[in-house]
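Asker: Let me give you the structure first, and then I'll get to my questions.
Throughout, read-outs are computed from the coordinates displayed, never taken from laboratory work. Nothing here was measured: the structure is a model prediction, and the numbers come from that model. Don't worry about glycine lacking a Cβ; one is built from the backbone with ideal geometry, like all the others, and counts go over all protein chains shown.
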Amino acid sequence: MGNVLVLGIETSCDDTGVGLVQDGRVRVNLVASQTLLHAEYGGVVPELASREHAQVLDRLVARALDEAGVRPRDLDLVAATRGPGLVGPLLVGLGYAKGLAWSLERPFLGVHHLEGHLHGALAEAPVEPPFLVLIASGGHTHLYRVEAWGRYELLGATRDDAAGEAFDKVARTLGLGYPGGPEIERLAAAGDPHAVPFSVPMRGRAGYDFSFSGLKTAAVRFRDEGHAPADIAAGFQRVAVASLVGTLERAAQDTGLRRVVVAGGVAANRALRAALAATGLEVHLPPPGLTSDNGAMIALAAARRWARERRADSLTVSAEPYWPLGEAV
Ligand code: KG4
Ligand code: ZN
């Protein structure tokens, strides 16, 4: 990738991410979280998210350049998340990146959010296809087979809630804060994972789909029956992890692909990491700071595409709120 200096901007949901990547290495990765802004509404309010992105993005980019000791004209590429995500927030980052690329006369690249997560997981250990990738975040639970860069075959996905969304909803049921993943993980450490009779969703079914909404309903029932919150958290985490890892193992078995990449916010979970380590598969996980939404992962994905294809996107490309990975838009 030479010494290409790439700016990556991520604004698909409620975090403003700005990252600088050079030579395939992360130099700066700044995230301005909007969690507190949305907390009182119990979920992300798209209009507020858009306004906040617009307000902080310019300063965050200036700070990132400053921390790296580079000037805007040192940038070789400017990239932003094009989708999927919330359309208003996407348009803020996309418009900013296009404007900057145009004024600097540099190539602009619009990146798929999940391709970003994949590259975040590979930030420290370059891995070549073929491999399986499981992306588990607040909005996605998708399992792909990657035969070559840019070629994604969807093997399975959630039929209802995403894995991270289930952590968030069960956390809310137990009166914990948002985001729920880290809260559940903390509380689960004090609980008995086998005290509450949760069962692993979709176990024994053919295919590689997931389903997490039943766990949320079960958690409400167990809470109302008087089970201890720590035991509910531990039991829920046990079966959520078993579902993710069990399905991944089965796909590895069936496809013969022993190399797997696990990405997205849920990849921060230590019970998940321990279960993955116990599988004997060749597992690649994002380093700390690159699990949740961030700009560096967008810059990494853009750098890879540029190195491979040397193809910029037109400044007329639109935001794609619903964009299946691997499909042209
Ligand atoms: O990738 P991400 O930052 O944003 C999306 O694109 O959705 O993922 C956020 C999700 C949230 O649902 C959050 O609860 C979950 O990742 N998460 C976790 C953990 N840390 C974050 N889930 C389980 N265990 C964690 N330690
Ligand atoms: Zn994400």
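Asker: Dipole of the range 129-284 (Lys/Arg Cβ +1, Asp/Glu Cβ -1, origin at the Cα centre): which of Ala189, Pro201, Phe131 lies farthest to the positive side?
Answerer: Result: Phe131.
Asker: Taking Cα pairs under 8 Å and at least six residues apart, what relative contact order does the chain come out at, in percent?
Answerer: Here the relative contact order equals 26 percent.
Asker: Tabulate in residue order the Karplus-calculated ³J(HN,Hα) for the range 72-79, using 6.51 cos²θ - 1.76 cosθ + 1.60 with θ = phi - 60°, rounded to whole Hz; enter x for Gly and Pro.
Answerer: x, 6, 6, 5, 9, 9, 10, 10
Asker: Amide H to amide H, which residues 5 or more places from Thr158 or on other chains are under 5 Å from it, using H placed in the peptide plane?
Answerer: Long-range HN contacts for Thr158: Thr141, Phe210.
Asker: When the chain is treated as a GNM, springs tying every alpha-carbon pair under 10 Å, which of Glu47, Glu225, Glu67 comes out with the largest mean-square fluctuation?
Answerer: Glu225
Asker: Lys/Arg Cβ at +1, Asp/Glu Cβ at -1, dipole of the chain taken about the Cα centre: which of Ser33, Gly256, Leu65 is farthest positive-ward?
Answerer: Gly256
Asker: Here's something else I'd like to know. Give the residue from Gly156, Phe167, Phe222 lying farthest towards the positive end of the charge dipole for the range 145-285; charges sit on Cβ (+1 for Lys and Arg, -1 for Asp and Glu) and the dipole is referred to the Cα centre.
Answerer: The one lying farthest along the dipole's positive direction is Gly156.
Asker: Under the rule of at least 5 residues apart or a separate chain, name every residue whose amide H is placed under 5 Å from the amide H of Leu281.
Answerer: Distant-sequence amide H within range of Leu281: zero hits.
Asker: Hey, another quick one. Over the chain, with a Gaussian network built from C-alpha contacts below 10 Å, which listed residue (Gly180, Gly226, Gly138) shows the highest mean-square fluctuation?
Answerer: Gly226
Asker: Separate question: In debye, nearest 20, what is the charge dipole magnitude of the range 129-284 about its Cα centre with +1 on Lys and Arg Cβ and -1 on Asp and Glu Cβ, if you could check?
Answerer: Here the range 129-284 has a charge dipole of around 140 debye.
Asker: Still on this structure, please answer the following. Could you give the dipole magnitude of the chain about its Cα centre, charging the beta-carbon of Lys and Arg +1 and that of Asp and Glu -1, in debye to the nearest 20?
Answerer: That gives a dipole near 440 debye.
Asker: Still on this structure, please answer the following. Which residues in the range 82-105 have a backbone N closer than 19 Å to a point placed 7 Å from the Cα of Trp149 along the Cα-to-Cβ line?
Answerer: Taking a point 7 Å out along Cα→Cβ of Trp149, the residues of the range 82-105 whose backbone N falls under 19 Å are 82.
Asker: While we're on this one: Can you tell me which of Ala97, Ala64, Ala79 moves the most in a GNM of the chain? Springs connect C-alpha atoms under 10 Å apart.
Answerer: Ala64
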